[in-house]
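Report on the following structure.
The values are calculated or read from the model by the stated rules, or taken from the named source; none is laboratory data. Predicted model, so just to flag it, every value in this text is computed and none were measured. Cβ placement follows ideal geometry from the backbone for every residue including glycine, while neighbour counts extend to all protein chains displayed.
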Amino acid sequence: MTVTVKSMSNGHRSAEPPLDHDFHNAWGTIYSNSGFRNDDRTRQIWEEYTVNPVRVEQQYHVLLNEYTDKFQSFFQGYWPITFHAHVSDVLIPTTIASLILNTASTCPLVVEDPALSPLLKDDPEPEKVHQFVRDLLGWTDVHITSPKLAIVDGIYGCAYGPLAHSSDEWEYKIIGSGPEAIHIGRSDFSSEDALLKKLIAAKKDGCVAVVSDLVNASDGSVFPPESFRLLRSCCDQARICLLVDEAMTAIRCGAPLVSQRPEYFEDGTLQPDMVAFGKGMGISGVAINFNGLMMRHLAFHKQELIRQSIRFWRSMVTRPIATPVLIEALGILNLAQAEGWPERSEQIGKAFREFILRLAGNDGHGKEIIRGLGAFIAVDREISKKFNVMAAFRRRSSWARWIPKLNSAAAVDHQAIERYLVGIEAKPLRRALTEEALKQGTKPLWCWVCGIDAIVEDWCRTCFLGYCGTEACAQFFHAHNCL
Ligand SMILES: [Zn+2]
Ligand SMILES: [Zn+2]
């Protein structure tokens with residue numbers, strides 16, 4: 001077994017197992033078990049920040065611009081504009097409506113028109129700009145005063161706010177607040193005519209954007225590419241913005257964005273207008289695609305005008321992201337590019353699927369036991385239990401979500417996965433994790449049975465598995481077969 005021990009710049013030594021069995025990874029918020037340590041650029045800024053924070057603060061705008069440019073080049077034309085702590089903070093209809101209004105009010109059709117532009121006129125006429133923008137977007141009073149989002153059913157609802165109404169989990173549902181989203185159900189996809197009618201009605205009702213997942217974050221089911229094609233076409237015809245929630249799928253599903261996989265991207269003529277990002281990115285927010293099906297009508301033909309529009313939005317807040325968060329977010333992007341995480345996620349997904357199907361043996365015959373795309377892997381809950389690994393669960397879902405780290409070389413090789421997870425290397429590897437945890441006074445982080453925080457001192461030192469302390473989980477936990 002090779003447990004690589006690397007010496008860190010601060011003199012601490014950290015054990016880095018070739019592959020660990022934590023596929024929970026804080027609900028998918030961890031892409032790599034070495035953070036951004038391997039990115040020299042951000043590690044140096046970070047180190048400087050700890051000794052001379054003022055000097056780094058002075059470079060704030062340089063760093064923010066660097067992040068913005070890197071983001072749009074990595075994600076091929078999606079510009080990050082608004083930043084928030086959690087995706088639930090951003091998928092709020094009023095925030096999305098204001099963002100669209102900001103983008104339209106600062107588009108070249110406005111700022112380059114001497115009759116309209118507040119930048120070119122001595123006597124700005126905001127009412128005129130507002131009316132122009134409303135006409136451009138096809139919006140009426142209802143879009144301004146009570147904007148709504150439409151969601152494609154199956155999207156996993158946010159933790160709070162308006163989209164929580166649609167959560168599968170009652171704990172979220174009962175704290176949902178704000179206007180209900182407009183639901184687009186499976187039956188609405190029966191024909192182009194039916195979907196278009198639905199979207200035209202939604203727009204009339206105040207819908208400013210349609211929000212969709214392409215991989216269900218709860219059970220890993222995949223949005224059929226032909227349905228996505230229909231959705232893009234109908235959003236285009238009804239002139240409604242399309243936003244894809246990529247919080248779980250960015251970088252992890254075989255392309256920078258899952259919507260850029262060939263089966264969804266197709267020839268690129270109809271692309272989404274926005275993506276929501278979060279989780280492993282280190283910061284949440286929305287990025288705008290100025291070539292999107294609706295955004296392209298705003299005619300942003302120069303990068304300088306895009307930057308200006310972004311500046312107007314960000315100028316409303318003093319610091320769009322705190323400096324340490326910005327450094328980390330930049331480091332993550334740099335590593336994702338340098339280490340080729342999008343391509344690697346596809347290889348990891350393939351290797352894990354091969355491993356799981358082989359080990360599931362006869363139990364896997366005759367039923368669907370694996371879903372998801374790339375390195376977002378949903379495994380039948382019963383099958384997952386056989387593996388003594390930590391996974392992320394939605395409480396009542398019959399699927400366990402395996403969300404492996406993307407930096408492990410062993411994870412792209414199905415034989416290595418088998419060796420480290422269940423084979424000859426598994427026991428010594430877990431013993432090493434146990435020893436390290438005992439030294440540090442920690443324990444396995446996630447309940448092996450239900451995926452929430454493990455809190456009890458009673459955990460398995462052989463398997464490095466713990467549980468949350470509920471009676472139901474205790475029962476399952478104590479019945480587990482040790483490695
Ligand atoms: Zn539990
Ligand atoms: Zn055990």
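Out of the residues in region 453-483 that are aliphatic (A, V, I, L, M) and surrounded by 19 or more Cβ atoms within 10 Å (Cβ to Cβ), state the one that is nearest to ligand 1 (Cβ to nearest atom).
Once the filter is applied, the top-ranked residue is A454.
Name the pairs: first residue in region 457-470 and closer than 10 Å to K443 by Cβ, second residue more than 9 Å from ligand 1 (Cβ to nearest atom) and of a type in the set (A, V, I, L, M, F, W, C), Cβ to Cβ under 6 Å, at least 6 apart or on different chains?
Close Cβ pairs satisfying both conditions: F464/L433; G466/W459.
Checking the conditions here, which among G366, G349 is crowded, with 18+ Cβ neighbours inside 10 Å and either touching a residue at least 40 places away in the same chain (Cβ under 8 Å) or not in a helix (DSSP H, G or I) (or both)?
G349
Please go through (1) surrounded by 11 or more Cβ atoms within 10 Å (Cβ to Cβ); (2) within 22 Å of I383 (Cα to Cα); (3) within 15 Å of ligand 2 (Cβ to nearest atom) for L433 and return the number of the only condition it doesn't satisfy.
Condition not satisfied by L433: (2).
Residues that are surrounded by 19 or more Cβ atoms within 10 Å (Cβ to Cβ), among the aliphatic types (A, V, I, L, M) and outside the structural domain of I92 (by TED's automatic domain parsing): which helices (runs of 4 or more DSSP H) entirely in region 114-186 hold 2 or more of them?
none
Take the residues in region 437-462 that are out of contact with any His (no Cβ under 6 Å at 6 or more places or on another chain) and not in a loop (DSSP other than H, G, I, E, B); name whichever of them is farthest from R396 (Cα to Cα).
Among residues in region 437-462 that are out of contact with any His (no Cβ under 6 Å at 6 or more places or on another chain) and not in a loop (DSSP other than H, G, I, E, B), the one farthest from R396 (Cα to Cα) is K439.
Which members of region 434-456 meet the condition of being of a type in the set (D, E, K, R) and free of Cβ contacts under 8 Å to residues at least 40 places away in the same chain?
The answer is E435, K439, K443, D453.
Here are some conditions: (1) within 30 Å of the chain's Cα centre (by Cα); (2) within 14 Å of ligand 2 (Cβ to nearest atom); (3) of a type outside the set (K, R); (4) modelled with pLDDT under 95. A409 meets all but one. Which one does it not meet?
The number of the failed condition is (2).
In region 449-457, is there at least one residue being more than 14 Å from ligand 2 (Cβ to nearest atom), farther than 14 Å from A391 by Cα and more than 30 Å from the chain's Cα centre (by Cα)?
So far as region 449-457 goes, yes, one or more of its residues are more than 14 Å from ligand 2 (Cβ to nearest atom), farther than 14 Å from A391 by Cα and more than 30 Å from the chain's Cα centre (by Cα).
For Y420, are the conditions met, namely being among the hydroxyl-bearing types (S, T, Y), surrounded by 19 or more Cβ atoms within 10 Å (Cβ to Cβ) and more than 16 Å from ligand 1 (Cβ to nearest atom)?
yes
Failed condition for G285, given (1) closer than 27 Å to N65 by Cβ; (2) outside any strand (DSSP E or B); (3) among the small types (G, A, S), with all others met?
(2)
Where residues in region 465-483 are of a type in the set (A, V, I, L, M, F, W, C) and within 8 Å of ligand 2 (Cβ to nearest atom), which of them is nearest to H24 (Cα to Cα)?
Taking the candidates together, the pick is L465.
Kindly provide the set of residues from region 221-253 that are touching a residue at least 60 places away in the same chain (Cβ under 8 Å) and either touching a Ser or Thr at 6+ places or on another chain (Cβ under 6 Å) or part of a helix (DSSP H, G or I) (or both), ordered by number.
Answer for region 221-253, where residues must be touching a residue at least 60 places away in the same chain (Cβ under 8 Å) and either touching a Ser or Thr at 6+ places or on another chain (Cβ under 6 Å) or part of a helix (DSSP H, G or I) (or both): L231, R232, R252.
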